[in-house]
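Please read the structure below before turning to the comments.
What follows draws every value from the coordinates through simple rules; no lab data is involved. The model shown is predicted, which means the values in this text are computed figures rather than measured ones. When we count neighbours, we look across all protein chains shown, and the Cβ atoms used for this are built from the backbone with ideal geometry, even at glycine.
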Amino acid sequence: MLALVEGSPPTYCLPWDLGIGEPGLERRLLAAGDRWFQRMRADMPGSVRMPYGWNTALAKAGLERVGSFSRLVDLPAPSDEAARNYVLEHIAWLASAGDEFVTQEDRDILRRLLDPEDREYLGNREDIYVLGTQTVHFGWRR
């Protein structure tokens, strides 16, 4: 059996309005991450677009009994330490990957949100959460 896991639609972790910067930061970061991924994939030597979903790709690869299932990931606020650490790592990765696709104002806000010494540090907020899905696509080969 081959199994692939993807997180789609995106995982959300932050309130829309954080009280600093322009509201909607997380959505801008997700859009920047999409642009980063698109360019990264296009820059890969020999990269070929896959204009269909994983179920079709697995079947085209000769796998049988292809299927999928999804699970909701719902860790509501207030977060425990593990969820809080995930949010910090997730936002740091989005900030890093999408850095060139966001404004300087967003970069400045992100620096504050990820700085444990700053009063705006995400790790001190009681309203961060994790809400998303993970889908497992699978197929069997004899």
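Taken over segment 109-122, the residue count meeting the criterion of being assigned to a helix (DSSP H, G or I) and either surrounded by 13 or more Cβ atoms within 10 Å (Cβ to Cβ) or among the aliphatic types (A, V, I, L, M) (or both) is 5. Does segment 75-84 include one or more residues that are in a helix (DSSP H, G or I), under 18 Å from the mean Cα position of the chain (by Cα), without any contact (Cβ under 8 Å) to a residue 24 or more places away in the chain and closer than 17 Å to residue 123 by Cβ? Yes, that holds for at least one residue.
Mind counting the residues in segment 1-27 that are of a type in the set (A, V, I, L, M, F, W, C), assigned to a loop (DSSP other than H, G, I, E, B), exposed (fewer than 13 other Cβ atoms within 10 Å of the Cβ) and over 19 Å from the mean Cα position of the chain (by Cα)?
1
Close Cβ contacts (under 9 Å, 6 or more residues apart or on different chains) running from residues in segment 113-134 that are farther than 21 Å from residue 22 by Cα to residues that are polar (S, T, N, Q) and part of a strand (DSSP E or B) comprise 133/70; 134/70. A search for C-beta distances below 9 Å between a residue of segment 28-51 that is part of a helix (DSSP H, G or I) and any residue that is surrounded by 14 or more Cβ atoms within 10 Å (Cβ to Cβ) and of a type in the set (D, E, K, R), counting only pairs 6+ apart in sequence or on different chains, returns 28/106; 29/106; 32/99; 32/106; 36/99. Exactly one residue out of 2, 58 is in contact (Cβ under 8 Å) with a residue 60 or more places away in the chain, over 26 Å from residue 102 (Cα atoms) and in contact with a Lys or Arg (Cβ under 8 Å, 6 or more places away or on another chain), and it is 2.
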